[in-house]
Structures are given as C-alpha cells and as structure tokens.
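Since every read-out is calculated from the coordinates, none of them should be taken as a lab result. Quick caveat, the model's predicted, so the values are computed rather than measured. Methodologically, a virtual Cβ is constructed for each residue, glycine included, from the backbone with ideal geometry; neighbour enumeration extends over all protein chains shown.
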Amino acid sequence: AYEPFFVYSNTQTVDGEKSIVLCNLGILKCKFFSLTETPENYTVVLDEEGFKELQPSEHLKVESSIWLPLNVVSNGNASSSSQAVGVTKIAKSVIAPLAQQHVSVFMLSTYQTDFILVREKDLSVVVGTLEEEFNIYEEVGGESVPMLCQDVANALQKNAKEATRPTVHPVLIPQNQFCVMSLDPDTLPSIATTLIDVLFYSNGPKEDAQSSPSRDLDCIKFFSFSLIDGYISLVMDTEAQRQFPADLLFTSSSGELWRMVRIGGQPLGFDECGIVAQISQPLADSDISAYYISTFSFDHALVPEEDIVRVTDMLQNQRKEPAAS
C-alpha cells in the first residue's frame with residue numbers, strides 16, 4: 001500500500017542542520033511516518049507522498065530501494081491488542097520463512113501492530129513464500145484486493161541459489177528501562193513542544209554510547225515516534241517519559257517496563273538476511289514478548305524487563321553454538 005523510503009540525518013550536527021529536518025517533518029502529510037533517534041542518526045521511514053515533501057539536502061542519505069510494508073491481520077483486523085506482544089506471534093509464520101528464502105527485511109513494531117518491510121524487487125519471492133499460509137492482499141484505491149504475482153516459482157528458485165551462512169552479530173544491552181506507549185492523535189498538539197525538545201534538543205548519552213567498548217552500556221539515547229494511518233506509537237526510556245504529561249500517554253494494561261537488546265557491533269546495512277530471525281526466533285520459541293525496531297545502522301529488540309537475564313543467556317549461548325554446515 002505504501003512505498004516507504006529511509007532517510008538519514010546525522011545527529012552530531014549544529015542546530016541549523018537539525019532545523020532542516022525539523023522544518024521538513026513539520027509539513028509532512030503522509031499516512032506512513034516513523035522517526036527513530038539513536039546515538040548515530042535519525043532514521044525516517046515514510047511513504048512516497050511524505051518523501052516528496054522533503055527537500056533535497058546534503059544532510060539526508062536515502063536508502064536506494066523502494067520498500068513495501070507487510071501487515072499481518074487476523075479475520076480482517078490488524079493484529080493489535082491492549083497487551084503488547086510484538087514480533088513473538090509472527091516470528092515463526094512470517095519472519096523465519098522469509099529469512100529462509102534470503103529476503104532482507106526491515107522491522108518496525110508499533111504499539112498497535114507490526115510492520116515487516118521488504119524490498120519491492122523481492123515481492124514475488126515474498127508472495128511465493130507466504131501464500132500457502134496466508135491470504136495476501138494489496139490496497140488499491142483504499143480497498144483490499146487479492147494480490148496476484150507473476151513468476152513466483154522462478155523467483156523462489158533463483159533466491160534458493162543465493163544461500164549464505166548468516167552472521168551472528170554481537171549485542172549490547174543498555175541499562176535503560178523503556179516504555180511502549182500510544183497517544184490520542186487529538187492530543188498531539190499539546191505535547192508537540194515536548195516532543196520536539198526530546199527529539200532534537202535534549203542532551204543524551206550519545207558520546208558514551210558511541211565510544212564505550214563495553215558490552216553493557218549504562219544507558220543509550222533511543223526515542224521512536226510513528227504516526228501510521230492515524231495511530232500514534234511512542235517508544236522512550238523512563239527518563240524521557242517523565243517529561244510528558246502522564247495523563248496523555250497510555251500503555252498496556254500491565255504497564256510493564258522493557259529492556260533493549262541492540263544488535264550489531266558495526267552498522268548492519270540493508271542487504272544481509274536473517275538478522276531479525278536470529279533474534280526473534282529464539283524469543284518466540286521461549287514465548288517471550290518482543291518489539292523489534294530496525295534503524296538505518298542497527299537493530300533493536302525490546303523485551304520485558306523480567307526476561308532480560310534469560311534473553312541475555314539465550315543470546316550468549318547462540319553466539320557460542322557452531323554455525324550449521
């Protein structure tokens with residue numbers, strides 16, 4: 001339905017360069033918009049209409065591919081609920097099969113649902129991989145119609161020849177506690193000033209996160225805001241949360257806190273396959289809830305705080321296991 005692009009803006013800039021991003025985002029009228037701040041950069045995911053609103057700038061780096069978002073729904077309804085579960089429910093049925101077919105994915109979990117973005121050029125392989133288990137539809141003029149994709153068999157056969165042994169990437173586990181929340185869009189203007197301040201002007205542990213060689217970081221600057229089809233999703237640590245009016249933000253009924261697993265010792269790029277599957281599959285096997293947010297440089301999984309020790313042990317054992325021949 002959408003054709004998101006990925007846009008990068010380095011956060012280690014003067015205020016003038018940040019203002020370029022800020023002014024451009026202020027006029028966006030797209031239906032699919034996500035902005036995530038990490039220590040390295042801002043990652044922006046937006047549809048074609050939103051991309052047209054962005055003026056060319058030397059401070060923006062655009063990933064060259066066009067990406068299409070997949071959204072798994074049940075009985076015609078998006079797979080959202082008041083209890084956060086994230087990628088756990090879809091890891092086995094969608095993410096793992098795509099990894100086996102060597103399809104690179106970009107993951108974006110929100111409070112309401114999960115989006116699996118795939119390159120447009122991989123669409124035939126995606127349809128061929130998933131059509132046995134799912135009915136696949138595309139939006140045409142606001143209506144959902146069955147998707148018919150040509151050359152599925154040829155695409156699957158071609159992709160099967162491209163198998164490579166996946167890399168098990170190192171992970172970093174910062175000490176921040178994170179919240180996954182939502183917001184009534186009608187109240188967005190009342191927090192706009194706070195949102196801008198947190199995203200672009202608040203001080204954070206960027207330098208420490210970039211320079212520390214430790215596997216466990218004290219804390220990490222991470223903030224994600226998405227506005228997709230009228231639904232708002234926010235991911236922030238508890239320090240940032242305290243800057244917002246508590247009565248406007250809402251979370252799951254349990255109000256649980258989350259810890260982050262940051263994947264990648266160096267920027268991951270967009271071509272490698274199986275990164276999301278390597279993290280989400282063992283979590284799904286252990287029935288551990290997880291959110292997963294990919295960015296321009298690294299991937300980030302959020303797991304319930306009470307599960308972080310079990311998750312850490314699980315991922316450490318995964319790195320020690322010999323790769324399958």
Open item on the list: Suppose the chain between Leu248 and Asp218 were pulled fully straight at 0.36 nm per residue; how much longer would it get relative to their current alpha carbon spacing?
Closed with: 7.9 nm
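If packing is taken as the mean number of other Cβ atoms within 10 Å per residue, what is the order of 179-191, 231-243, highest first?
Ranking the peptides 179-191, 231-243 by packing returns 231-243, 179-191.
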Task: Derived scalar couplings ³J(HN,Hα) [region 92-97; Karplus, 6.51 cos²θ - 1.76 cosθ + 1.60; whole Hz; x for Gly, Pro] - done: 6, 7, 10, 5, 5, x
- [ ] Using 0.36 nm per residue of separation minus the Cα-Cα distance, give me the extension gain between Phe270 and Thr187 in nm, one decimal.
- [x] 26.3 nm
- [ ] Please check which bits of region 27-56 a label hung off Val140 would reach, taking the label as a point 7 Å along Cα-to-C-beta and the cut-off as backbone N under 14 Å.
- [x] none
- [ ] Neighbouring Cβ atoms within 10 Å as the yardstick, rank Val72, Val309, Val105 fewest first.
- [x] Val309, Val72, Val105
TODO: Rounded to whole Hz and in sequence order, give me ³J(HN,Hα) for region 181-196 from the Karplus expression 6.51 cos²θ - 1.76 cosθ + 1.60, θ = phi - 60°, writing x for Gly and Pro.
DONE: 9, 9, 8, 5, x, 5, 9, 4, x, 6, 10, 4, 5, 5, 4, 5
TODO: Would you mind checking which residues have amide H under 5 Å from Tyr137's amide H? H placed 1.01 Å from N; only 5 or more apart, or other chain.
DONE: Met147
Task: Fewest-first ranking of Ser64, Ser297, Ser57, Ser280, using other Cβ atoms within 10 Å as the exposure measure - done: Ser64, Ser57, Ser297, Ser280
Open item on the list: For Asn41, what residues show an amide H to amide H distance below 5 Å, using hydrogens built from the backbone and excluding near sequence neighbours?
Closed with: Thr11
TODO: Quick one: order Phe51, Phe32 by neighbouring beta-carbon count within 10 Å, fewest to most.
DONE: Phe51, Phe32
- [ ] Find out how many positive minus negative residues lie around Phe106, taking Lys and Arg as positive, Asp and Glu as negative, among other residues whose Cβ is under 11 Å from that of Phe106.
- [x] -1
Open item on the list: I'd like the Karplus ³J(HN,Hα) series for region 169-180: coefficients 6.51, -1.76, 1.60, θ = phi - 60°, whole numbers in Hz, and an x wherever there's a Gly or Pro.
Closed with: 7, x, 10, 10, 10, x, 8, 4, 9, 10, 10, 10
TODO: Pull up all non-local amide H partners of Val180: gap of 5 or more, or a different chain, and H-to-H distance under 5 Å with H placed in the peptide plane.
DONE: none
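Where does the charge balance sit around Ser144 when Lys and Arg score +1, Asp and Glu -1, over other residues with C-beta under 14 Å from its C-beta?
Net of charged neighbours comes to -4.
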